[in-house]
Amino acid sequence: MAVEPKALRIVYMGTPDFAVAPLRALVEGGYRVVAVVTMPDKPAGRGLKVQESAVKRYAVAAGLPVLQPEKLSSEAFVAELSALNPDLGIVVAFRMLPRAVFELPRYGTFNLHASLLPQYRGAAPINWAIINGETETGVTTFMLNPRMDEGAVIASRRVTIDAADNAGTLHDKLMETGAGLVVESVHAVVSEGFRPHPQQEVAPEALKPAPKIFKDTCRLDFSGTGSALVNRIRGLSPYPGAWGMLRERSVTDGTVIRESTVKILAAAFLPARTTDAPGCVSIESGMLRVACRDGYMLPQQVQPAGKQRMEVHEYLNGLKPKGELRFE
């Protein structure tokens, strides 16, 4: 007898905004979400105000039961899940699950990942696809196994990366495409003859990883090419933001007059032959030009330390340099 997908007892696991759209698609589609698992509330910001995850806020508004275990492997949490008698687990932007959790549901547990697996396994696939200059990425659903992002594939959908996309706009594209793919995958896993297919075998040297983004990942290297600089800026905008250390030095003795970190959140590239040292800054006709290997990077939106995001002309109005400027 065929299983009715909307009768499945689904446990949904996720935390950030990216995981909200698939959950909403399930709820509004009439699927039976018996519990939502998300990260515990935690203090954040200068006032250390307790923050709830985006998934929790949506789940509470939708009247769904919410579980927030400190340890996913704890006997108490596994027993709580078992008592729900789940048929299917769905994971979107969450933590690594222990085997006792992902094998518990009758039909197992599947994950939505923001890349075309096996490429860009890891924590930051959206960022790295843009940083690496890709023109296409996608979303993939796959059955969980003990190895990170290596389970058998249920389905995937391709998404174009436009030249104007940054990590924020691509995030939204993939989120909406992923929401539809999650619903399709619920139907797939209970269909007769369902067999997820192993991920394509790719030589290790041809795999493109997507490791977690750290502060050093965001620092711009102006000795690189202009296109690489612009792609890194796009891939890290609007958050966490690519940055450089801007120093102003005296024209007489080279001593540092002032320095500050500046995030560059949007930029263009002007190819040109230049003898300027990488990182050297010039200001012409209301434009900020930063020398790189094969021309100039032209910041369009910036965020100086301690200030709000602004257009570059606003930044230049307050800059008023007296010495030589260079990103170092």
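The values are calculated or read from the model by the stated rules, or taken from the named source; none is laboratory data. Here the structure is a predicted model, which is why all the values come from computation and not from measurement. Virtual Cβ from ideal backbone geometry, glycine too; neighbours counted across all protein chains shown. These area figures cover heavy atoms from the full protein model, side chains too; ligands, DNA and RNA do not enter into them. Shrake-Rupley method; radii C 1.70, N 1.55, O 1.52, S 1.80 Å.
Name the single residue that is nearest to Phe110 (Cα to Cα) among those in segment 1-25 being in contact with a Lys or Arg (Cβ under 9 Å, 6 or more places away or on another chain), open to solvent by 10 Å² or more (accessible area, probe 1.4 Å) and in a loop (DSSP other than H, G, I, E, B).
Within segment 1-25, the match that is nearest to Phe110 (Cα to Cα) is Arg9.
Among the residues of segment 66-84, what is the count of those that are in a loop (DSSP other than H, G, I, E, B), open to solvent by 70 Å² or more (accessible area, probe 1.4 Å), more than 24 Å from Phe142 (Cβ to Cβ) and out of contact with any Phe, Trp or Tyr (no Cβ under 8 Å at 6 or more places or on another chain)?
Going through segment 66-84 one residue at a time, the tally reaches 1.
Check whether at least one residue in segment 309-320 is touching a helix residue (DSSP H, G or I) at 6+ places or on another chain (Cβ under 8 Å), hydrophobic (A, V, I, L, M, F, W, C), surrounded by 13 or more Cβ atoms within 10 Å (Cβ to Cβ) and modelled with pLDDT of 95 or more, and report yes or no.
no
For the structure I just gave you, tell me whether Asn127 is open to solvent by 40 Å² or more (accessible area, probe 1.4 Å) and more than 22 Å from Arg195 (Cα to Cα).
no
If you go through segment 243-251 one residue at a time, do you hit one that is outside any helix (DSSP H, G or I), small (Gly, Ala, Ser) and either within 27 Å of Arg293 (Cα to Cα) or open to solvent by 90 Å² or more (accessible area, probe 1.4 Å) (or both)?
Taking every residue of segment 243-251 in turn, at least one turns out to be outside any helix (DSSP H, G or I), small (Gly, Ala, Ser) and either within 27 Å of Arg293 (Cα to Cα) or open to solvent by 90 Å² or more (accessible area, probe 1.4 Å) (or both).
Please tell me if Glu259 is open to solvent by 40 Å² or more (accessible area, probe 1.4 Å), within 20 Å of Cys218 (Cβ to Cβ) and out of contact with any Cys (no Cβ under 8 Å at 6 or more places or on another chain).
The answer is yes for Glu259.
So Arg195 passes all but one of these: (1) basic (Lys, Arg); (2) in contact (Cβ under 8 Å) with a residue 60 or more places away in the chain; (3) more than 30 Å from Arg289 (Cα to Cα). Which condition number does it fail?
(2)
Can you tell me how many residues in segment 146-190 are more than 17 Å from the chain's Cα centre (by Cα), more than 30 Å from Ser227 (Cβ to Cβ) and touching a residue at least 12 places away in the same chain (Cβ under 8 Å)?
18
In segment 277-300, what count of residues is obtained for those that are open to solvent by 70 Å² or more (accessible area, probe 1.4 Å) and either in contact with a Phe, Trp or Tyr (Cβ under 9 Å, 6 or more places away or on another chain) or not in a loop (DSSP other than H, G, I, E, B) (or both)?
Final tally of qualifying residues: 5.
So is Glu205 in contact (Cβ under 8 Å) with a residue 12 or more places away in the chain and either surrounded by fewer than 22 Cβ atoms within 10 Å (Cβ to Cβ) or touching a helix residue (DSSP H, G or I) at 6+ places or on another chain (Cβ under 6 Å) (or both) or not?
Criteria not met by Glu205.
Looking only at segment 191-213, which residues are within 16 Å of the chain's Cα centre (by Cα) and either of a type in the set (Gly, Ala, Ser) or on the phi > 0 side of the Ramachandran plot (or both)?
Result: Ala210, single match.
Which of the residues that make up segment 252-276 are touching a residue at least 12 places away in the same chain (Cβ under 8 Å), part of a strand (DSSP E or B) and more than 27 Å from the chain's Cα centre (by Cα)?
The answer is Ile257, Glu259, Leu270, Pro271.
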